[in-house]
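> Handing you this structure, nothing more for now.
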Amino acid sequence: MPSNFSPRSWDGLILAAGRGPADPMSQAYAVTHKCLLPVAGKPMLQHVVGALRAAPLFRNITISVEHADLPEGALGPFADAVNLVPSGNSASLSVARAFDSAPLRPPVLVTTADHPLLRQDIIAHFLAQSTAANADLTVGLATAEVILAAYPHVRRTFLSFGSERVSGCNLYAFNTASALKIIGPWHELEDSRKRPWRLVGALGLGNLISYLLGSLSLERAFDAASRRLGIVVKPVLLPFAESAIDVDKPADLELAESIFRSNDLYQPAII
């Protein structure tokens, strides 16, 4: 059973590493780093930091990024409220490096800098459900029904588990130190996000066959992952369509801008 779990006091880790000016989004919008891409007049990174700061649950907020000298204005009023640590060569290695070099101690919320639609209520819900899950590691997901009901034309990568289709939300709760056992397998599968058969195949041949036959449920998949990793891993299904919308391509940016214009939840007092 997971231990050393505090539901009221968290550290936050934001993965902000990118491909610099060579990133297609950086080139398309003339910014030096993807995390600086403006959404509703502010860099994406600033939106994410603001969402964490608005949730009164965090001891520390750390940003993992290639260079510690972010341009002036990248963090706005939060410049003195975060720690900066150098990133690794991938998301998984960045998490591992941050745990080694930053003042992080579980429970730790991990998210990404390209998530400008993140809000304090989304964070609070995810952390509350992660607390109740009594797991070493929890993973935020949203169902296709939730996402498409709000944004029927959005294009997302969905993984199918039985009758459920889900999309990742770039929200992870490292509730205990044992959750770090995920780093090695995560790194091995890092390039398989859009190839679900490889992800499921890592859980064993039987689960892969069940997945291909459409009979592998989400619960069975996470149970299998838990057995393979030797830790308790559980999904947290989020009822917020925006939790699954990050900004990877121009259409995502257009959608994010339209949501900021039309959704009353996205006002300066909230983010």
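> Find the residue count for region 133-143, including only residues that are more than 15 Å from Phe222 (Cβ to Cβ) and surrounded by fewer than 17 Cβ atoms within 10 Å (Cβ to Cβ).
Of the residues in region 133-143, 0 are more than 15 Å from Phe222 (Cβ to Cβ) and surrounded by fewer than 17 Cβ atoms within 10 Å (Cβ to Cβ).
> Look through region 43-56, keep the residues that are over 15 Å from the mean Cα position of the chain (by Cα) and surrounded by 19 or more Cβ atoms within 10 Å (Cβ to Cβ), and return whichever of them is nearest to Leu109 (Cα to Cα). Don't jump to the end; show me each part of the working.
At the first step, the residues of region 43-56 found to be over 15 Å from the mean Cα position of the chain (by Cα) are 43, 46, 50, 53-56.
So of that shortlist, the ones also surrounded by 19 or more Cβ atoms within 10 Å (Cβ to Cβ) come out as 43, 46, 50, 55.
Numbers: Pro43: 21, Gln46: 17, Gly50: 14, Ala55: 12 Å.
Per the stated criteria, the residue is Ala55.
> Specify the residue that is farthest from Asp248 (Cα to Cα); the eligible residues are those in region 109-137 that are of a type in the set (A, V, I, L, M) and touching a Ser or Thr at 6+ places or on another chain (Cβ under 7 Å).
Quick first cut of region 109-137, residues of a type in the set (A, V, I, L, M) only: 109-110, 113, 117-118, 122-124, 127-128, 132-133, 135, 137.
Next, only the ones that are touching a Ser or Thr at 6+ places or on another chain (Cβ under 7 Å) stay: 118, 122.
Values: Leu118: 15, Ile122: 20 Å.
Filtering first and then ranking leaves Ile122.
> A follow-up question, please. Go through region 64-98 and count every residue that is out of contact with any His (no Cβ under 9 Å at 6 or more places or on another chain), aliphatic (A, V, I, L, M) and surrounded by 13 or more Cβ atoms within 10 Å (Cβ to Cβ).
Result for region 64-98: 7.
> Name the residue that is surrounded by the most Cβ atoms within 10 Å (Cβ to Cβ), counting only residues in region 238-267 that are among the aliphatic types (A, V, I, L, M) and more than 20 Å from Tyr29 (Cβ to Cβ).
First pass over region 238-267, keeping only residues among the aliphatic types (A, V, I, L, M): 238, 241, 244-245, 247, 251, 253, 255-256, 259, 265.
From what's left, more than 20 Å from Tyr29 (Cβ to Cβ): 238, 241, 244, 265.
Working: Leu238: 22, Ala241: 21, Ala244: 28, Leu265: 15.
The extreme case among them is Ala244.
> For the condition in contact with a strand residue (DSSP E or B) (Cβ under 6 Å, 6 or more places away or on another chain) and modelled with pLDDT under 95, what is the one hit in Val108, Val154, Val82?
Numbers: Val108 fails: modelled with pLDDT under 95; Val154 fails: in contact with a strand residue (DSSP E or B) (Cβ under 6 Å, 6 or more places away or on another chain).
Unique residue meeting the criteria: Val82.
> Okay, moving on. How about region 26-36: which of its residues are part of a loop (DSSP other than H, G, I, E, B) and touching an Asp or Glu at 6+ places or on another chain (Cβ under 8 Å)? Even if it seems obvious, please write down each step before you answer.
At the first step, the residues of region 26-36 found to be part of a loop (DSSP other than H, G, I, E, B) are 29-33.
Result: His33, single match.
> Could you look through region 102-119, keep only residues that are under 14 Å from the mean Cα position of the chain (by Cα) and of a type outside the set (A, V, I, L, M), and pick out the one that is surrounded by the fewest Cβ atoms within 10 Å (Cβ to Cβ)? Don't jump to the end; show me each part of the working.
So in region 102-119, the residues under 14 Å from the mean Cα position of the chain (by Cα) come out as 108-119.
In the following step, the residues that additionally are of a type outside the set (A, V, I, L, M) were identified as 111-112, 114-116, 119.
Working: Thr111: 25, Thr112: 23, Asp114: 25, His115: 25, Pro116: 31, Arg119: 21.
Checking each candidate, the answer is Arg119.
> Please pick out the residue among Leu93, Leu84 that is outside any helix (DSSP H, G or I) and either under 24 Å from Thr176 (Cα atoms) or in contact (Cβ under 8 Å) with a residue 24 or more places away in the chain (or both). Talk me through it step by step, then tell me what you get.
On the way: Leu93 fails: outside any helix (DSSP H, G or I).
Result: Leu84 is the single residue among Leu93, Leu84 that is outside any helix (DSSP H, G or I) and either under 24 Å from Thr176 (Cα atoms) or in contact (Cβ under 8 Å) with a residue 24 or more places away in the chain (or both).
> OK, next. Only one of (1) under 15 Å from Thr111 (Cα atoms); (2) modelled with pLDDT under 85 is not met by Leu15, so which one is it?
Going through the list (1) under 15 Å from Thr111 (Cα atoms); (2) modelled with pLDDT under 85, Leu15 breaks only (2).
The values are calculated or read from the model by the stated rules, or taken from the named source; none is laboratory data. Because the structure is a prediction, the values reported are computed rather than measured. Cβ atoms come from the backbone with ideal geometry, glycine included; neighbour counts cover every protein chain shown.
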